[in-house]
Every structure is written in C-alpha cells, then in structure tokens.
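What follows is a single structure, written as structure tokens, with notes after it.
The values are calculated or read from the model by the stated rules, or taken from the named source; none is laboratory data. The structure displayed is predicted, hence computed values, not measured ones. Glycine gets a Cβ as well: all are built from the backbone with ideal geometry, and neighbour counts include every protein chain shown. Quick note on the areas: whole protein, heavy atoms, side chains included, nothing else; ligands and nucleic acids left out. Shrake-Rupley method; radii C 1.70, N 1.55, O 1.52, S 1.80 Å.
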Amino acid sequence: MPAHVVESVQDVRAALAPLRSQGRIGLVPTMGALHPGHASLIERARTETATVVVSIFVNPLQFDRADDLARYPRPIEADVALCDRLGVDVVFAPTAAVMYPEPPDCTVRVQRMADYLCGAFRPGHFEGVATVVLKLLNIVQPDVAYFGEKDAQQLAIIRRTVADLNVPVSITPVPTVREADGLALSSRNQHLSPEERALAPALFKALIAVREQVEAGATDVAAIRRTATAVIPGDPRLRLEYLELVDPAGFQPLQEVGGPALAAGALWVGTTRLIDNVLCTPGPLAFV
Ligand code: AMP
C-alpha cells in the first residue's frame, strides 16, 4: 500500500486516529533527501511499531545560514517513493506555513548541552531543532521516535528535551550508516564534487585516530587532538571547524579522558560542512 501523504496537522491527526488502537506509532523525523541512513531508521521503526510515520520538513528555524537552507535538497517525489518501498504508513510533509503560521514566540531554549560542538558554531541551531521536534511530537503523538547517532548532540538534546518537558515518547537511537570508506551518509554529501568526495573521509579517519589513542590508554586530550588532526590532509579545500572529546551525556569538553568519551568533529569540505562522531572507550591498559 502506498504511504498516505498528508500536509496539514489536521490531516495527519485524522489519518492516525483510527490507527492508534492497532498498536504503537513510530515517528522518524527527517528533512528529506532520504538515503540509506534514513532508511535504517525507517526499517527499525517498521520492525518495532505497528504504524510508521515519516516526517519530511526542512525546518527554517534550525538553519543559521541562508545559503545552506536555500540549497538544501528537496526531492519529495523520490522520498515518497522510498517511503512506499519501505512500507511507511503516513508521510507528513508540511509546508513552512503549516509549521509556522506566524513566527513562533515560544521556543525550546537549550542551555549547557548546546554550548559546545555544533552549538558553538551554529547559533540558534539546537533551539530550532528542539522546537521543531517538540512540535512534531505534539502533532504526531508517537509512542516511539527514532533518531540517528550520526547527529549525536542532537540526539542527546532531544533525549533531554523529552525528559525535562515530560513528553510521553520513548527515544530510540540508531547507529550511523556509512559508505565503504567510512564517510557517514548525509543529505549534504550530494553537494560534494568528485574531488571533494575523495577528501571527505578525512573526518572519520581523524575520529578513528582519536579512538585508537583512547583505546591504547592515552588520556591527554590536547595531545590526542594534535595527533588526530595531523591525519587531515593539508588541502586548501579542507577546514576543520572543531574536533573535540566530550562526555557523552552532558556534551561538555574533556581535558582528560577518564571513561567513555565521544569524539565529535565538523569538517568543511569546500562549501559543504560535514559532521561525524565516534564513541571512544578506554582500553583495559588505561586503568592499569
Ligand atoms: P536529517 O534528515 O539529516 O535531519 O536526518 C534525519 C534523521 O536521520 C536524524 O535522526 C539523523 O540523525 C538520521 N541520520 C542522518 N544520517 C544518518 C546516517 N548516516 N546514519 C544514521 N542515521 C542518520
């Protein structure tokens, strides 16, 4: 059965009303330009919930650069066709006017967790993310919502939003899907030229260099960062925005590794900004 595509809040609620008694509802929030990373969230939802809803909305509130918003890909027909193939029940694809009939006066303010990493470089980004996700959760009222570990800071902030504001939904994380050379799948990868695409795995390689050092017992974050950033080729098209080790719960930067730590980075490849992260667990040697 093809997915039921709806645009308005009223229509998505009407489509879901008769389905609520049939089992759990799973929501996969996306900005579209769907790729196998999104598909793994949808497939997970398909196996765990009776009704799967995919939202497709390029949320202007979370973009800090107008050019990024303007060139964000919006292949809605291909996205709906993929949702059909994956057995999605409802695609909620609202316009900006549906989501923001007027500029919102009330938004979700994110504090400490948005101070570092992407939050430090993208002013207002996580406020926009938390606000749109809370709106989508209120509109769809799912039992479970699925988010990728690829956007680890976003995932942690959403977990915290749901906990702090008592939203009755369970949040399920899904591992990052990568290309064979390690590059994390992203809707923005399609902006890369072939030469840029060849350079792009440098971010993952640097993160792996962090993980290897942590596993080998290194604890001094400044030294770990120096070794890891040296992995990134000195190419004028590459600019490292940040490479940090943070505590995986609060997203505060670490100076010393004393337990599981998240290595996260943002790398500009030409005019495209890529992010990625890997969890680093100190090996047994670290505690001898
Ligand atoms: P986006 O459309 O980029 O907002 O992403 C929608 C959801 O898909 C978010 O929860 C992302 O973390 C997740 N996602 C994006 N890329 C990947 C990936 N490569 N692997 C797993 N999840 C992903």
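Annotations
- Modelled label reach - PHE121, point 7 Å along Cα→Cβ, region 239-263 residues with backbone N closer than 18 Å: 239-247, 251-254, 262-263
- Region 1-20-region 36-72 distance, computed between alpha-carbon centres (Å): 17
- In this calculation the C-beta distance from ALA222 to TRP268 is compared with R0 = 30 Å, giving a FRET efficiency of 0.85.
- Each 10 Å bin from zero up to the one holding the largest Cα-Cα distance in region 11-91 carries the following percent of pairs: 17, 46, 29, 8, 1.
- One way to sum up the overall shape of region 56-211 is the equivalent ellipsoid from its Cα gyration tensor, whose semi-axes run 26, 21, 18 Å, largest first.
- Where labels lie 7 Å past Cα in the beta-carbon direction, separation of THR107 and VAL9 in nm: 1.8
- Computed [θ] at 222 nm, helices only, for the chain once each DSSP H run of length n ≥ 4 contributes -39500 (n - 2.57): -10000 deg cm²/dmol
- For region 21-148, the fraction of alpha-carbon pairs lying more than 26 Å apart is 24 percent, rounded to a whole number.
- Here the translational diffusion coefficient of region 78-169 follows from Stokes-Einstein with Rh set to the Kirkwood radius across Cα pairs; for 10 °C and 1.306 mPa s it amounts to 108 µm²/s.
- Zone of ASP84's modelled label, taken as backbone nitrogen in region 48-77 under 11 Å from a point 7 Å along Cα→Cβ: 77
- Heavy-atom accessible area order for MET99, MET1, MET31, largest first, 1.4 Å probe: MET1, MET31, MET99
- 10 Å binning of all Cα-Cα separations within region 131-288, expressed as whole percents from 0 upward: 10, 35, 32, 19, 4, 0
- Scaled to the globular estimate 2.2 N^0.38 Å, the Cα spread of region 208-288, given as radius of gyration, is 1.11.
- Surface accessible to a 1.4 Å probe, per residue, for the residues of region 1-105, Å²: 49
- Averaged over its residues, region 226-288 has an accessible area of 47 Å² per residue, based on protein heavy atoms and a 1.4 Å probe.
- Rg ratio (alpha-carbon, reference 2.2 N^0.38 Å) - region 1-56: 1.13
- Calculated on alpha-carbon atoms, Rg and Dmax of the chain in Å: 19.5, 60
- Dimensionless Rg/Rh of region 119-181 - Kirkwood Rh, Rg from C-alpha atoms: 1.01
- Ranking PHE121, PHE251, PHE204 by solvent-accessible area of protein heavy atoms (1.4 Å probe, all protein chains present), from largest to smallest, gives PHE121, PHE204, PHE251.
- Carbon plus sulfur fraction of accessible area for the chain, probe 1.4 Å, in percent: 54
- Modelled FRET efficiency - R0 22 Å, HIS35 with THR95, Cβ distances, 0.05 increments: 0.45
- Solvent-accessible area per residue, Å², over region 125-175 with all protein chains present [probe radius 1.4 Å]: 36
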